Amino acid sequence: MNAGEDTKLELPQVGFGRRTDAEAALEEVFRAQYPRLISVLVRVTSDRAQAEELASEVFGKLAKRPILFRPGNNLEGWLYRTAMNLALDRLKASARRRRHEEAAAVESVRGSFRSGSSPLDDVLRAEQQQNVRTVLAGLKPVCARLLLLRNAGFSYRELAQVLEMNPASIGKMLLRSMAEFERTFREMYEVKS
């Protein structure tokens, strides 16, 4: 064997290595249509990588539909129609995503202006939220749940159902939990003068 000589590795054909007629037809269509299909998709998407990804998807769909290889079927028409539909769907999804991201960014900016909060206010609010979470984590679990659910707007009857408690004891338990929370919060975070 010479250094510049090409070698071709021949593998023995066994049962699972044989190509079917559909695979041969798919390869033939791929070789004939791929360059043109890529050219069309690049014009639609303006991105070669995305065009190649879409072309792969089209040929993947074609491989699952061997009936299209039968005579009388408009295989080329199906191929380009599918490619165009996938490309347009991708463009619509990108535009939708971009609109949603822009709307979210605008809403985020509006929200900070609307609340009149400065970055310092945001930091202080986040610190206070963390302090509340720390105090809640230190309470008995039933007290913490009771306070969180009541703060979320649950009625006494709903609290009793969710926490599986006697409805008559909810008020007293809530007062005790609030007092315990306030005492713990003051101990941990109040500035002593």
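Straight Cα distances below 15 angstrom link residue 64 to the aspartates and glutamates 21, 23, 27, with same-chain residues fewer than 8 positions distant left out. A straight chain from residue 101 to residue 23 at 0.36 nm per residue would run longer than the Cα-Cα distance by 23.8 nm.
Extension gain for residue 151 to residue 91 (0.36 nm times residue separation, less C-alpha to C-alpha distance): 17.2 nm.
With an 8 Å cut-off on Cα pairs and a minimum separation of 6 or more residues, tell me the relative contact order of region 29-146 in percent.
Relative contact order of region 29-146: 19 percent.
The modelled label-to-label distance between residue 165 and residue 32, using points 7 Å beyond Cα along the C-beta direction, is 7.7 nm. Accessible surface of region 43-175, 1.4 Å probe: 54 percent of it comes from carbon and sulfur atoms.
Potential lengthening of the chain between residue 65 and residue 49 amounts to 3.3 nm, from the contour at 0.36 nm per residue minus the alpha-carbon distance.
For residue 46, the solvent-accessible surface computed with a 1.4 Å probe is close to 100 Å², ligands and nucleic acids excluded. Ranking of 99, 186 by solvent-accessible surface, largest first: 99, 186 (1.4 Å probe, protein heavy atoms only, all chains present). In terms of accessible area, using a 1.4 Å probe and ignoring ligands and nucleic acids, 20, 82 rank largest first as 20, 82.
The values are calculated or read from the model by the stated rules, or taken from the named source; none is laboratory data. If you're wondering where the values come from, they're calculated on a predicted model, not measured in any experiment. Here Cβ is always computed from backbone atoms with ideal geometry, including for glycine, and neighbour counts include all displayed protein chains. Side chains included, ligands, DNA and RNA excluded: accessible areas come from the protein's heavy atoms. Shrake-Rupley method; radii C 1.70, N 1.55, O 1.52, S 1.80 Å.
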